[in-house]
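Data first, discussion second: the structure below is written as structure tokens.
The values are calculated or read from the model by the stated rules, or taken from the named source; none is laboratory data. All values derive from a computational prediction rather than experimental measurement. Cβ atoms come from the backbone with ideal geometry, glycine included; neighbour counts cover every protein chain shown. Accessible surface areas use protein heavy atoms only, side chains included; no ligands, DNA or RNA. Shrake-Rupley method; radii C 1.70, N 1.55, O 1.52, S 1.80 Å.
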Amino acid sequence: MYAKTEELRHLGPAVPVELPDGLTAWSVVRGETVSYLLTHPDVSRDVTRAVPTYETGEVPWLAPWIDLQNMTTKDGADHSRLRRVVVPSLTYRRIQQLRPAIEKIVRGLIEDLANKADDTPVDVHAAFSYQIPTLVICDLLGIPEDQRPEVLRVFRLVARTDALSEDEATQLNLDLLTAMRTLIDEKRAHPGDDLTSILIIESLKEEDPLTEDELIATLLLMIGGGSQTTINLIDHALADLTACPHARQALIRGEDPRPIIEESLRKDCPVMNLPMRWALADIDLGEGVMIRTGEPILLNYGGHGRDENVNPEPAHFDPSRKNPQHLAFGLGVHRCPGSHLAILEAEVAVSLFCQAFPHAQLVGAIDDYAGPTFIGNDLLELPMRLGNAHEAAQH
Ligand code: HEM
């Protein structure tokens, strides 16, 4: 993914790339151009405004990204209406209240790992990084235990951009909808103090209440946005730390983990390319590149943090870097409202992990484990030798 990003960076401010099913889009990786287009008034998140002939489901693998009726596919007032129902539950103050619950989850996972800690490699992705955000988001949304395996199955499949046939992609979309309807029915019958119940109640208070489709699409966004992204952050931060003894020592001493998390977000952006935006008018990017009205644009958030015009020596992991710049959470009105939660989870995860396993080492090279997608910076596994079991168990 990084090699391809660098190749594209040298070809121009925007470069046509072929995506699955023969779809062509403009890939944008230069930092300055990514920021420019993220806040450009003629760049839309709503395919129906930019391409009036577009029919829902036209490109099945893209459907979960562009067809759902939630804040990610809307502009202007339509966007604000869908966003304001969610944002109050994700403020910094609200999220900090979750710290004890998150610490409990992380400590439980570390205890399980400590029981295995010897010289045999352990898949830290499966046993740790994957578990934290999925458990936290399932708890936050009040997803009942018996519904969790199906919810998590369908979300793992959505994250892939290869291997799914058109029929499989269509079936997956149906499975997603069924899983969400089951959850909403359950919460309507038995409301609790979870985010799903709050969403149902708050959306009814709106002058123009959310429709069933909008409610489902918002839940899908919260689960999808809240899990795979944060899994990637924890995976990469742990991998980066194994190669950076200074940073690891700082965490072991109990120092603030925030600079480490910011540097990992910059170097290994959890969401590399998020489909999709469209031009509402012709946009001239210079160097002979003109994006025409209605053409799709794929912004590479990770390309910004790895641009040497934005950050010197961008491939180097250096938590002591002065003023690291990244767009891992986007920019402008669509900026991620879940950033406080993601950062808190990652801070707790890396601090407690390094304190418990001060000698953990990655087995192999991180590139060997890259997932089959150009969207997220996903890893399929993260094998590590955790070090001495006795020492680990004492922490
Ligand atoms: C490391 C973790 C995360 C990363 C890197 C991330 C990244 C992003 C990015 C790049 C966007 C899109 C901005 C755009 O359209 O340009 C976004 C949007 C969004 N994210 Fe996150 N996210 C993370 C965690 C979360 C979490 C934990 C939640 C929820 C609990 C969440 C909920 C959302 C929502 C609801 C949106 C849509 C915002 C809008 O369109 O107005 N995200 N995120």
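General remarks:
- Take 205-212, 130-137 and order them by the average number of nearby Cβ atoms within 10 Å per residue, most first; the result is 130-137, 205-212.
- A 1.4 Å probe run over the protein chains yields, for the stretch 2-388, 44 Å² of accessible area per residue, whole-number rounding.
- For the chain, relative contact order (Cα pairs under 8 Å, six or more residues apart, normalised by length) works out to 28 percent.
- Within the chain: Cβ-based charge dipole about Cα centre, in debye rounded to nearest 20 (Lys, Arg +1; Asp, Glu -1): 1160
- Loop sites in the stretch 227-268: GluC sites (Glu not before Pro), DSSP, at most 15 other Cβ within 10 Å: Glu255
- Computing FRET efficiency as 1/(1 + (r/R0)^6) for Thr211 and Asp119, where r is the C-beta to C-beta distance and R0 is 41 Å, gives about 0.15.
- Helical mean residue ellipticity (222 nm; -39500 (n - 2.57) per DSSP H run of 4+; nearest 500) of the chain: -15000 deg cm²/dmol
- Each of Gly302, Pro245, Ala126 was scored by the projection of its Cα onto the charge dipole of the stretch 2-388, and the greatest displacement toward the positive side belongs to Pro245; charges sit on the C-beta of Lys, Arg, Asp and Glu.
- Cα lying deepest toward the dipole's positive end in the stretch 2-388, options Leu265, Thr293, Thr196, charges on Cβ: Leu265
- Dipole of the stretch 2-388 [Lys/Arg +1, Asp/Glu -1 at C-beta], most positive-end residue of Val333, Val136, Ala101: Ala101
- Euclidean distance of C-alpha centroids, the stretch 221-275 and the stretch 86-109, integer Å: 17
- The HN-Hα couplings worked out from phi for the stretch 143-152 by the Karplus form 6.51 cos²θ - 1.76 cosθ + 1.60 (θ = phi - 60°) are 6, x, 3, 5, 8, 5, x, 5, 4, 6 Hz, whole numbers, x standing for Gly and Pro.
- Extension gain from Glu308 to Gln249, taking 0.36 nm per residue of separation minus the Cα-Cα distance: 18.4 nm
- Assigned charges on the beta-carbon of Lys, Arg, Asp, Glu; the stretch 244-395 dipole about Cα centre (debye): 300
- Per-peptide average of other Cβ atoms within 10 Å, ordering 328-336, 3-11 highest first: 328-336, 3-11
- A simple spin-label model places pseudo-atoms 7 Å from Cα toward Cβ; at Asp185 and Arg148 they are separated by 2.2 nm.
- Paramagnetic reach from Ile366 (point 7 Å along Cα→Cβ, amide N under 12 Å) across the stretch 100-114: none
- For the chain, the share of accessible area belonging to carbon and sulfur comes to 52 percent (1.4 Å probe, ligands and nucleic acids excluded).
- Approximate spin-label separation Leu177-Thr91, in nm, with each point projected 7 Å along Cα-to-Cβ: 3.6
- Overall form of the stretch 289-394 per C-alpha gyration tensor (a/c, 1.5; a/b vs b/c): prolate
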